[in-house]
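Asks: The following block contains the structure, expressed as structure tokens.
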Amino acid sequence: MSTLRWGILGPGRIAPRLVRAIGLSGRGELTAVASRDSGRAATFAKTHGIAQSFGSYEALLAASDIEVVYISLPNHLHAEWAIRALDAGKHVLCEKPLALSVDDVDAIAAAATRAGRIAVEAFMYLHHPQILRAVDLARSGALGHLELMNGTFTFPLSQADDPRIDPSMGGGSLWDVGCYPVSLARRIAGEEPDRVGAIARYDELGVDRTFIGQLHFPGGLLAQFDSGFAAPDRERVEIVGGEATLVLDSPFLPEPDGPPPSLTMWRGRESTRIDVQSIDQYRAEVDDLTAAIIDGSPPRVDLAFSRGTIATIVNLNMAARSAAVPVAT
């Protein structure tokens, strides 16, 4: 096997980036797209030069010439269709969050084992050189003893029919963008948090529009983050050690979908720019899964890592909701 044939479940807002990524990959070919709306699938296929379109997800999974499925559906459908794709004999790249519970992550892992297939969560930013370099520097001791990490990811969201603010679909800023600094903190710490704290501002449907979370790791690292749909576009990470600080100004969506990657080391008031390669991180995640399938290399974002991220998010969500009771005065 030298080339993998891909299909897309759900021509959503992120799907065109995977079209681009698979097209750039030297070992991938996008052959099909499926939507529950056959007209929408056909339009997407025509726009992007895809040979086949299907009016149901089941039809795509039944196609014997498709080997890998990318799942770009609302959050509450991720686990179900990842499992169904695995049971159909397909490898899976599933948008984040992989699932909304630890039990569902375990069910995905069980399906991957019984099918002899690979499933990975599409945390594309974890494949970018700026993140790989930042994590390496943080863990190497170059910053001194790690003290804390600050992360933020917000953008304005006002469309009333957006799945990201529908509580029945796993909506909320924590699940949508808070998962980025949460997963990065876990990657830097290399362990699971033993304490979490959180507070959030909820809308009338009980969806968090602004979320602030805190993590304590056994090794001593403290992490805090904010995510939201009510503030302007903001992306930033600081990794603080006893001797130096790393600042990432475009940690999650650098070019070609945002600003150039930026990694700066600060020692006191002196700064040093660290050069990192600018790549298409969506292509990098496609290449990583391709290598895992064809070459047998371990995927960079494995299911054990995803399980830890989901467990942490669930705990943060519980902490925020339990803290949502007004303080008596």
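The values are calculated or read from the model by the stated rules, or taken from the named source; none is laboratory data. Note that the structure is predicted; figures quoted are calculated from it, not measured. Neighbour counts run over all protein chains shown; Cβ positions are idealised from the backbone, glycine included. What goes into the accessible areas is simple: the full protein's heavy atoms, side chains included, and nothing from ligands, DNA or RNA. Shrake-Rupley method; radii C 1.70, N 1.55, O 1.52, S 1.80 Å.
Asks: Given only helices, namely DSSP H runs of n ≥ 4 each adding -39500 (n - 2.57), what is the per-residue ellipticity at 222 nm of the chain, to the nearest 500 deg cm²/dmol?
Replies: Calculated at 222 nm, the ellipticity per residue is -10000 deg cm²/dmol.
Asks: Accessible area per residue, 1.4 Å probe, Å², for region 193-319: what's the number?
Replies: I get 47 Å² per residue for this part.
Asks: Which whole-number percent is the relative contact order of region 1-149 (Cα, under 8 Å, 6+ apart)?
Replies: 18 percent
Asks: Same structure, new question: How large is the translational diffusion coefficient of region 159-268 in µm² per second when you combine the Kirkwood radius over alpha carbon pairs with Stokes-Einstein at 4 °C and 1.567 mPa s?
Replies: Value of D from the Cα-based Kirkwood radius: 84 µm²/s.
Asks: Moving on to the next point. Before I look further, what does region 76-135 give for accessible area per residue, probe 1.4 Å, in whole square angstrom?
Replies: Solvent-accessible surface per residue comes out at 30 Å².
Asks: Got the relative contact order for region 178-329 handy, in percent, Cα pairs under 8 Å and 6 or more residues apart?
Replies: Worked out over region 178-329, it gives 21 percent.
Asks: Please give the solvent-accessible surface of L137 in Å², to the nearest 10, using a probe radius of 1.4 Å with every protein chain present.
Replies: Near enough 20 Å² of accessible area.
Asks: Would you mind computing Rg(Cα) / (2.2 N^0.38 Å) for region 110-154, counting N as its residues?
Replies: Taking N as the residue count of region 110-154, the ratio is 1.71.
Asks: Got a number for carbon plus sulfur as a percent of the chain's accessible area, 1.4 Å probe?
Replies: 51 percent
Asks: Now for a different question. Please compute the contact order of the chain in relative form: average sequence separation of alpha-carbon pairs under 8 Å and at least six residues apart, divided by the residue count, as a percent.
Replies: Relative contact order here is 18 percent.
Asks: Here is a follow-up. With each pseudo-label sitting 7 Å past Cα toward Cβ, what's the E255-S271 distance in nm, one decimal?
Replies: Taking the two extended label points, one gets 1.8 nm.
Asks: In addition: Can you check what the net charge comes to around H128, using other residues whose Cβ is under 13 Å from the Cβ of H128 (Lys, Arg +1; Asp, Glu -1)?
Replies: -4
Asks: Going by amide H atoms built from the backbone, whose H comes under 5 Å of the H on V33, apart from near neighbours?
Replies: For V33, whose amide H was placed from the backbone, the distant partners under 5 Å are I8, Q52, S53, F54.
Asks: Putting +1 on Lys and Arg Cβ atoms and -1 on Asp and Glu Cβ atoms, find which of F123, G26, A142 reaches farthest to the positive end of the dipole of the chain.
Replies: After comparing all options, I get G26.
Asks: Another question, then. Restricting things to Cα coordinates, could you compute the convex hull volume per residue of the chain in Å³?
Replies: Considering the Cα atoms of the chain, their hull volume per residue is 144 Å³.
Asks: Taking only Cα atoms and a 10 Å spring cutoff, compute GNM fluctuations for the chain and point out the largest among L174, L61, L24.
Replies: For the chain, modelled as a Gaussian network with Cα springs under 10 Å, the answer is L24.
Asks: Could you give P(r) for region 1-87, binned at 5 Å from zero, as whole percent values over all Cα-Cα pairs?
Replies: All Cα pairs, binned at 5 Å, distribute as 3, 15, 29, 28, 18, 6, 1 percent.
Asks: Same structure again: Any chance you could check the Cα centroid distance between region 103-130 and region 266-329 for me, in angstrom?
Replies: Using only Cα atoms to place each centre, the spacing works out to 13 Å.
Asks: Given the options A63, A109, A138, which has the most mean-square fluctuation in a GNM of the chain, springs set between C-alpha atoms less than 10 angstrom apart?
Replies: Its mean-square fluctuation being the largest, the pick is A63.
Asks: Ok, one more. Explain nothing, just compute: Karplus ³J(HN,Hα) = 6.51 cos²θ - 1.76 cosθ + 1.60, θ = phi - 60°, for every residue of region 100-112 in order, whole Hz, x for Gly and Pro.
Replies: With the stated coefficients, region 100-112 comes to 10, 8, 5, 4, 5, 4, 5, 5, 5, 4, 5, 5, 5 Hz.
Asks: Using Cα centres only, tell me the gap between region 211-240 and region 141-181 in whole Å.
Replies: Measuring centre to centre over Cα atoms gives 9 Å.
Asks: For the chain, take the longest principal axis of its alpha carbons; what is the angle in degrees between that and the long axis of helix 129-140, to the nearest 10 within 0 to 90?
Replies: The answer is roughly 40 degrees.
Asks: Now for a separate question. Among residues other than P251 whose Cβ falls under 12 Å from its Cβ, what is the net charge (Lys/Arg +1, Asp/Glu -1)?
Replies: Net charge around P251: +1.
Asks: Here's another thing I want to ask about it. Under a 1.4 angstrom probe, counting protein chains only, how are E80, E191, E95 ranked by accessible area, largest first?
Replies: So, going from the largest accessible area down, we get E80, E191, E95.
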